[in-house]
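Student: I'd like to ask some things about the structure below.
Read-outs: derived from the displayed coordinates by stated rules, not from any lab. Note that the coordinates shown come from a computational prediction; the quantities given were computed from them, not determined experimentally. A quick note on method: Cβ atoms are made from the backbone with ideal geometry, for glycine too, and the neighbour counts reach across all protein chains shown.
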Amino acid sequence: MPTGPHRLSRLLARLSRLGPRLILAFLAVSLLLPLVALVAVREQHAASVRAAQAEAQRVALHVAHNVVRPLGPGQPRMYQRPEELQRYVTDIHRDLGRDIEVVDGDRRVLADAIPSHQGRLFLEDPDGEVAATLRDGVPRAFTELGPDHPGGIQVVAVPILGTKSAIVGAVLLEYTKTYRELLAAESHIAKVMAGASLFGMVVALALGYLLAHGIVRDVRRLTRAADLLAAGHDDVRVAVGSRGELGRLASAFNVMAERISEQRAMLTDLATSDPLTGLRNRRSFHAQLETELGKARALGSRLSVLMLDLDHFKSINDRHGHLAGDAALTQTAAAIQRELRADDVAARLGGEEFGVLLHADLAQAFAAAERLRAAVARTPIRHQDLELSLTVSIGVVGYPVHGQTSTALLQRVDEALYRAKREGRDRVCGPPDEPS
């Protein structure tokens with residue numbers, strides 16, 4: 001039987017043989033850290049690029065959808081009216097701070113953040129990505145090269161689909177700032193990963209493991225958040241336990257997500273508002289009418305529709321110019337809005353025509369219409385050194401007396417408006433088959 005010293009000797013021998021194995025195990029685990037970090041950084045890079053491209057593509061598709069909307073019943077679509085299209089593109093450029101171009105099927109610029117570029121041929125497409133999108137309708141991201149930006153800018157191209165889904169042009173939206181912000185943040189995290197890897201080779205196995213575990217966990221959180229953002233969940237935010245560069249990257253990510261959310265809200269406002277008066281547009285008015293009719297049917301409540309048309313408005317444009325006409329529209333819209341309650345809905349339906357939804361019965365609606373007529377009549381229209389007076393004709397109908405569908409109500413209120421016009425203007429009327 002071995003004595004105590006023999007046992008100790010044997011144990012020390014075993015430990016001496018175990019030492020190199022532990023060292024090798026430590027080195028192997030330590031070497032895994034840079035490999036894991038490299039994979040994580042590459043995943044984060046790919047997810048960030050996808051997120052930047054997806055965000056730009058969503059904005060561009062929203063713009064493409066808006067430019068094919070008709071400007072009004074029987075009127076051409078926005079992309080067929082260069083002045084309206086350029087005004088819309090200028091508004092987006094001002095509000096979002098991004099370069100944007102709309103080109104036709106021959107790659108000729110219909111509207112640009114720089115208005116002087118209208119009519120030129122889009123040539124900064126070395127790999128034919130825009131031409132390919134115009135052919136097959138598939139959105140693409142590419143780098144645009146040109147004399148004004150020799151280093152290149154990141155651009156996404158999406159098709160504009162006209163009637164019968166025919167491709168009539170493309171929207172080109174620049175997203176360089178978002179792209180570069182993410183890449184700049186990633187360069188910091190790459191440095192952090194390299195430093196952590198070297199540090200992990202010389203520290204204790206436990207400390208190295210904990211460090212790697214924390215960093216990879218946070219990078220995975222960032223990767224998952226970026227994938228969610230790329231999938232359209234712009235309400236996603238990320239929190240990491242790490243400080244330093246990873247914490248700054250998380251903050252940069254959250255700022256970007258907040259910016260995307262704000263831009264989507266801004267685009268939604270542009271799509272539902274009349275850019276001149278700030279009231280709702282025709283499309284939003286019709287959608288709101290359908291919503292309010294549904295509520296009225298469910299609750300058994302009353303709803304009234306007013307249609308207003310400025311009298312002799314064409315003479316203002318003819319005599320004083322379109323700027324004076326625009327001033328008349330904006331100041332009339334303000335006068336209408338001042339007379340309405342918070343839950344009433346006012347919209348510019350096109351030209352000099354306005355619509356109003358009231359949660360009121362017919363008697364209350366006629367009284368409100370008289371207040372609106374009087375408010376417009378007493379509101380002086382001021383433009384430069386001009387002071388003009390306007391009157392308005394108003395048609396009034398109510399649900400369910402004059403119709404139970406939006407189509408029926410809009411037809412009847414249109415008849416009521418034209419009755420007011422025929423009977424001398426500057427008055428409020430119901431449909432023709434009702435007594436004055």
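Student: Sequence-distant or interchain residues sharing an amide H contact under 5 Å with G152, placed H: which?
Tutor: G146
Student: Starting from the Cα-Cα distance between H322 and D104, subtract it from 0.36 nm times their residue separation and give me the gain in nm to one decimal. Before the final figure, lay out the partial values.
Tutor: Values: separation 218, 0.36 × 218 = 78.48 nm, distance 2.78 nm.
Here the segment from H322 to D104 would lengthen by 75.7 nm.
Student: What is the packing order of peptides 167-173, 90-96, 330-336, 68-74, taking the mean over residues of other C-beta atoms within 10 Å and listing the highest first?
Tutor: The most tightly packed comes first, giving 167-173, 330-336, 90-96, 68-74.
Student: Moving to a separate point now. Under a crude label model (7 Å from the Cα following the beta-carbon direction), how far is S165 from D127 in nanometres?
Tutor: Going from the S165 label point to the D127 one covers 2.7 nm.
Student: Near the amide H of V345, under 5 Å away, which other amide H atoms are found, from residues 5 or more places off or on another chain, if H is placed in the peptide plane?
Tutor: L357
Student: With each pseudo-label sitting 7 Å past Cα toward Cβ, what's the L71-I114 distance in nm, one decimal?
Tutor: With each label placed 7 Å out from Cα toward Cβ, I get 2.6 nm.
Student: Assuming 0.36 nm per residue, please report the length gained on full extension of the stretch A184 to A363 beyond their Cα-Cα distance.
Tutor: Using 0.36 nm per residue and subtracting the Cα-Cα distance, I get 58.0 nm.
Student: Using alpha-carbon positions, what is the distance between the centroids of segment 370-416 and segment 305-355, in Å?
Tutor: Cα centroid of segment 370-416 versus Cα centroid of segment 305-355: 9 Å apart.
Student: If R0 is 22 Å, what FRET efficiency do you get for E370 and A342 from their C-beta distance, rounded to 0.05? Write out the running numbers ahead of the final one.
Tutor: On the way: r = 20 Å, r/R0 = 0.93.
Efficiency, rounded to the nearest 0.05: 0.60.
Student: Sticking with this one: For the residue pair R50 and R87, what label-to-label distance in nm results when each label sits 7 Å from Cα along the Cα-to-beta-carbon direction?
Tutor: Label at R50, label at R87, 4.1 nm between them.
Student: Here is a follow-up. Which far-off residues, 5 or more places away or on another chain, put their amide H under 5 Å from the one on A113, with H placed in the peptide plane?
Tutor: Under 5 Å from the amide H of A113: I100.
Student: Something else: In whole angstrom, how long is each semi-axis of the equivalent ellipsoid of segment 282-429, when you take the square root of 5 times every eigenvalue of its Cα gyration tensor and sort them from largest down? Please report the intermediate quantities before stating the final value.
Tutor: Working: eigenvalues 155, 42, 36 Å².
They are 28, 14, 13 Å, listed largest first.
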